[in-house]
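The values are calculated or read from the model by the stated rules, or taken from the named source; none is laboratory data. Because the structure is predicted, anything quoted here is derived from the model rather than measured. FYI the Cβ positions are ideal-geometry reconstructions off the backbone, even for glycines, and counts take in every protein chain you see. Ligands, DNA and RNA are stripped out before the accessible areas are found, and what is left, the full protein with its side chains, is counted by its heavy atoms. Shrake-Rupley method; radii C 1.70, N 1.55, O 1.52, S 1.80 Å.
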Amino acid sequence: MAVLVALGAFLMTLAGGWTAQRVTDRRHLVLGLAGGLMLGVVGLDLLPEALEAAGAEVFGVPAALLLFVAGFLLAHLMEHLLAGRTAAHGAGDHHHRAPEVGLTAAAAMVGHSAMDGVAIGAAFQVGGGMGTAVALAVVAHDFADGFNTYTITSLYGNARRKALTMLFADAVAPVVGAASTAFVTIPEQLLGGYLGLFGGALLYLAAAEILPEAHHAHPARSTLLCTVAGTAFIWLVVGLAS
């Protein structure tokens, strides 16, 4: 049952990526929506789950929050290291984006989607009602995951073929994650720590890259409305699933 439900997440992820590539003539709106979706996923979904799952504190601060900050700083450091290496080899100017950053971020999205599949499988082990509730939440927000995976990969200058490859990997990941729960159980604290780390990296990409790019050439109200709409959509998904 968990694997069958994960197939729904597979289809929703592909639908999100298809939507992102079909509206390239409104790129600023796509990026504005992607930034809002990412902000909503981090603040309303990932971080609350991480705080609940990780539990322990380190020197008075929840471990999930420390890893959240570490994820933000790690993404910042990695981007500048890769961009500096690209510039040293004579490629691009000061504002050049290293394609490796986009691929790494997309790979993190794939890992997150695999964890979504694990969450579905684990929930069905608890009971059918719990499994259904978690599955609905995952399937609903996997549209945003597919949208963001394709957008992030493309934004950093990767070819369409690579963006589609990462999108397909992101779509398959929940199915693989759900199937793995028949053999492996991930400790809750480890899962919480991962969610915190991933949330910090995702927030960096949204705040430092996606949203500034969305408003750079088209500082329109419509772009801002797309950002708000993306965040509100995730709020709706989380609210319906709770």
Q: Would you kindly identify the helices (runs of 4 or more DSSP H) lying entirely within region 157-228 that contain at least 1 residues that are under 22 Å from residue 53 (Cα atoms) and free of Cβ contacts under 8 Å to residues at least 24 places away in the same chain?
A: 188-205
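The rows are residues; the columns are (1) closer than 20 Å to residue 101 by Cβ; (2) open to solvent by 30 Å² or more (accessible area, probe 1.4 Å); (3) in contact with a His (Cβ under 7 Å, 6 or more places away or on another chain).
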{"residue": "158", "(1), (2), (3)": "yes, no, no"}
{"residue": "161", "(1), (2), (3)": "yes, yes, no"}
{"residue": "183", "(1), (2), (3)": "no, yes, no"}
{"residue": "196", "(1), (2), (3)": "no, no, no"}
{"residue": "203", "(1), (2), (3)": "yes, yes, no"}
Q: Considering every residue within region 43-63, establish whether at least one is open to solvent by less than 20 Å² (accessible area, probe 1.4 Å), assigned to a helix (DSSP H, G or I) and either polar (S, T, N, Q) or modelled with pLDDT of 90 or more (or both).
A: no
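Each row is one residue, and each column tells you yes or no for (1) within 26 Å of residue 104 (Cα to Cα); (2) among the charged types (D, E, K, R); (3) at pLDDT below 80.
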{"residue": "197", "(1), (2), (3)": "yes, no, no"}
{"residue": "201", "(1), (2), (3)": "yes, no, no"}
{"residue": "209", "(1), (2), (3)": "yes, yes, yes"}
{"residue": "212", "(1), (2), (3)": "yes, no, no"}
{"residue": "219", "(1), (2), (3)": "no, no, yes"}
{"residue": "230", "(1), (2), (3)": "yes, no, no"}
Q. Within the bounds of region 107-125, is there any residue that is among the aliphatic types (A, V, I, L, M), open to solvent by less than 20 Å² (accessible area, probe 1.4 Å) and at pLDDT 85 or above?
A. no
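Per-residue answers, yes or no, for (1) farther than 18 Å from residue 150 by Cβ; (2) acidic (Asp, Glu); (3) surrounded by 22 or more Cβ atoms within 10 Å (Cβ to Cβ):
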| site | (1), (2), (3) |
| --- | --- |
| 189 | yes, no, no |
| 199 | yes, no, yes |
| 208 | yes, no, no |
| 213 | no, yes, no |
| 216 | yes, no, no |
| 224 | yes, no, no |
| 230 | no, no, yes |
| 233 | no, no, no |
| 240 | yes, no, no |
Q. Pairs, please: C-beta under 6 Å, at least 6 apart or cross-chain, first residue among the hydrophobic types (A, V, I, L, M, F, W, C) and part of a helix (DSSP H, G or I) and in region 134-150, second at pLDDT below 70 and open to solvent by 10 Å² or more (accessible area, probe 1.4 Å)?
A. 136/241; 137/241
